[in-house]
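Each remark here refers to the structure printed beneath this line.
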Amino acid sequence: MTRMILRLSIALLTFIFGVTAAILFITHDVPTVTPPAFEGLGAPAAPAASACYPGHAVKTQVMGKLSYFPPGVFSTNEWHDQFRAAWYSKHLEAMKEASFYFPDNSEEESYRFLWLRSFHHPVAVRIWNSGGEQFIAVKEMNGAGGYEPGNLTLNQARKLAGAEWGEFTRLLEQTCYWELPTEGESLGADGARWILEGVKGGRYHIVDRWSPENGIYREACLYALRLSGLRVDSEDIY
């Protein structure tokens, strides 16, 4: 009798232990495993890489004699090259504009449109992307683009909307800016120089045109002028 009671007690204890273990297992918190998110889901599309970059761009400089333009960039004719470099540099210096060829931060993406009309005020419009934000600045002198720059009469800047920056860079991509040769075929005594510099990823490029009458390059430069808010009469665009 005693042996039977002992067996029943052992069986009862075994049953109670088994039920208790099952309850603990069922009620124990199980860590939730979150599946890895699909990398492209909901993320903004990465900006398309330019099919034209780096094109004819050269490396920016950090040492050497500070200058606005690479030697020989405007012409293989030394006199012609130096004449243009001195002319454009004179206006940029008067505007207190920094060199793009020796930039403070060559990793930024920046563009500068220098508009030198023979008998109208010199203008510079700078557009740049820094830290994920875009900006525009405009300067105007009271001299004449074909002569002396004069004094600074306008100097203002503002932040660009993403769509404005997007449209400007779209026009540059459409004209394949980085592949354009620096010097165009058209030249003239009077008229205007349409000079667009660019620096991106440590590389520098410059395009110089004389009074373009049509084309995407002209549209990109005029769009920069519109973004700047500078008021220009249609008869003064040449």
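The values are calculated or read from the model by the stated rules, or taken from the named source; none is laboratory data. Quantities reported herein were computed from a predicted structural model and do not represent experimental measurements. Cβ: placed from backbone, ideal geometry, glycine included. Neighbour counts: every protein chain shown. Only protein heavy atoms, including side chains, enter the accessible area calculation; ligands, DNA and RNA are left aside. Shrake-Rupley method; radii C 1.70, N 1.55, O 1.52, S 1.80 Å.
Values for this structure:
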item: Per-peptide average of other Cβ atoms within 10 Å, ordering 95-107, 75-87 highest first; result: 95-107, 75-87
item: Total charge dipole magnitude, the stretch 174-225, about the Cα centre, Cβ charges on Lys, Arg, Asp, Glu only, Debye to nearest 20; result: 240 debye
item: Using a Förster distance of 25 Å, the FRET efficiency for Asn142-Lys96 (Cβ separation, nearest 0.05); result: 0.95
item: Accessible surface of the stretch 59-161, 1.4 Å probe, proportion on carbon and sulfur as whole %; result: 52 percent
item: Theoretical gain in end-to-end length, Asp104 to Ile237 [0.36 nm per residue, Cα-Cα removed]; result: 44.7 nm
item: For Ala220, net neighbour charge (Lys/Arg +1, Asp/Glu -1) across residues whose Cβ lies under 10 Å away; result: -1
item: Which of Glu213, Glu93 is most accessible, then next, and so on - probe 1.4 Å; result: Glu213, Glu93
